[in-house]
Amino acid sequence: VYTPSVYGVGAIAYEDLWPAAGDFDFNDLVLNYKFISIANADDEVVEMIARFSIKNIGGSLRNGFGFSMPVDKDLIESVTGTQVSGDIVSLDGKGLEQGQEKTVIIVFEDAFLSDGETIEVLIKFVEPTDPEKIGLPPFDPFIFIGGDRSRELHLGDMEPTDLGGSEFFGVDQD
């Protein structure tokens, strides 16, 4: 199963001056993405490949990128392929971000260090999993701004992770 489709990719664009309104150009970090869910003969997902490529960095802030999934962390066997040095983010033995109630995968800590590459993240499940437990689209993408892990910027109506700071809510033009 391909998300958004077998033939194309999806795009996500961010304005990284949040909670200030910024300049509304939404070019500070632009990513293409595609998820590929690999299923067994019973149509249960056994692993997922998430591909990300940075299409533009229009800002000067060193932003990281991650996503949360509506999947119980106990169903994840391992996550590999991320570009996390440990300077900002800590991972557990499975490759998930530590300190999170949700399943949170950090793809990279600094877009400038990952620019021009296609990053392929492999998510293996402990056992074949009903696709409805994963959800489609299978992720809530967000950036964390300027190396500050608590300054998370999500798409509208998405909840911050446990490490997202509430001190930015209601400030400036949030």
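Annotations
- Residue check, residue 89 closer than 17 Å to residue 151 by Cα, open to solvent by less than 60 Å² (accessible area, probe 1.4 Å) and part of a loop (DSSP other than H, G, I, E, B): yes
- Filtered residues of segment 27-45 (kept if of a type outside the set (Gly, Ala, Ser) and under 27 Å from residue 144 (Cβ atoms)): 27, 28, 29, 30, 31, 32, 33, 34, 35, 36
- Unmet criterion (only one of (1) loosely packed, with under 15 Cβ neighbours inside 10 Å; (2) touching a Leu at 6+ places or on another chain (Cβ under 9 Å)) for residue 2: (2)
- Entry remark, segment 36-45: residues being within 21 Å of residue 4 (Cβ to Cβ) and either among the polar types (S, T, N, Q) or touching a residue at least 24 places away in the same chain (Cβ under 8 Å) (or both) number 5 in total.
- Residue 127 being assigned to a loop (DSSP other than H, G, I, E, B) and either more than 23 Å from residue 16 (Cα to Cα) or touching a helix residue (DSSP H, G or I) at 6+ places or on another chain (Cβ under 8 Å) (or both): no
- Residues satisfying the stated conditions in segment 28-60, i.e. over 19 Å from residue 117 (Cβ atoms) and either outside any strand (DSSP E or B) or aromatic (Phe, Trp, Tyr) (or both): 40, 41, 42, 43, 44, 60
- Every pair of residues 6+ apart whose Cβ atoms lie under 7 Å, when the first sits in segment 153-170 and is in a loop (DSSP other than H, G, I, E, B) while the second is open to solvent by 80 Å² or more (accessible area, probe 1.4 Å): 162/101
- Only residues that are open to solvent by less than 70 Å² (accessible area, probe 1.4 Å), more than 13 Å from the chain's Cα centre (by Cα) and on the phi < 0 side of the Ramachandran plot were counted across segment 92-109, and they come to 3.
The values are calculated or read from the model by the stated rules, or taken from the named source; none is laboratory data. Note that the structure is a prediction, hence the values are computed from the model and not measured. Because the Cβ atoms are built from the backbone with ideal geometry, glycine has one as well, and the counts that use them run over all protein chains shown. SASA here: full protein model, heavy atoms, side chains in, ligands and nucleic acids out. Shrake-Rupley method; radii C 1.70, N 1.55, O 1.52, S 1.80 Å.
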